[in-house]
Amino acid sequence: MVDFEPEYLTDDFASNPVLELEGQEAPAVPSLEEMMVEAKRELMALTGMQTEEEFQAALQDCLSRADQLESLVALYAGPQQMTALQENKVLQEAAEKLPTGVSPQAVAFTKRALLTLQNNPSWTFGQKQQMISSIVRGFSALP
């Protein structure tokens with residue numbers, strides 16, 4: 001039997017599988033030191049280190065700058081980043097704030113706008129959120 005990656009284990013290739021496992025914890029990430037020790041041979045070969053002392057000095061140098069490296073990683077991929085599913089959920093919640101008395105055409109327009117925004121990779125999440133909020137505010141202000 002052929003083993004496939006999880007993203008290919010779908011019966012219907014017309015739909016996108018959800019790879020996030022709700023309610024399950026993410027696997028533990030090894031520390032920087034553990035990862036460097038694990039990749040010791042490759043690192044020594046890449047950098048041309050010859051002795052264990054050189055590796056230990058480089059390891060200590062890297063660990064001394066770990067806080068700076070972690071702040072860079074947090075800046076670009078920290079907890080403030082959301083997955084596409086989370087972004088779509090937030091946009092959906094914003095679109096659902098339409099008052100109940102709006103016309104069916106306004107609801108249909110908002111749904112189409114939401115779908116367009118969710119599938120637009122050119123806009124940032126902030127721009128999408130601003131647009132859907134503007135649409136909802138505009139329809140909410142109508143008599």
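Put a dot 7 Å past each Cα toward the Cβ at Ala39 and Thr124; how far apart are the dots in nm?
In this crude label model, Thr124 to Ala39 measures out at 3.0 nm.
Straight-line reach only, C-alpha to C-alpha below 28 angstrom: list the lysines that Lys97 could link to, leaving out same-chain residues fewer than 8 apart.
Lys89, Lys111, Lys128
Apply the Karplus parameterisation 6.51 cos²θ - 1.76 cosθ + 1.60, with θ equal to phi minus 60°, to every residue of the range 117-132 and state each ³J(HN,Hα) to the nearest whole Hz, in sequence, with x for glycine and proline.
5, 5, 9, 9, x, 7, 8, 6, 4, x, 5, 5, 5, 5, 5, 5
Write down the radius of gyration of the range 60-143 and its Dmax, each obtained from C-alpha positions, in Å.
Answer for the range 60-143, Rg first and Dmax second: 18.7, 67 Å.
Values in this text are rule-based calculations from the coordinates and carry no lab data. The structure presented is a predicted model; accordingly, all values stated were derived computationally and were not measured. FYI the Cβ positions are ideal-geometry reconstructions off the backbone, even for glycines, and counts take in every protein chain you see.
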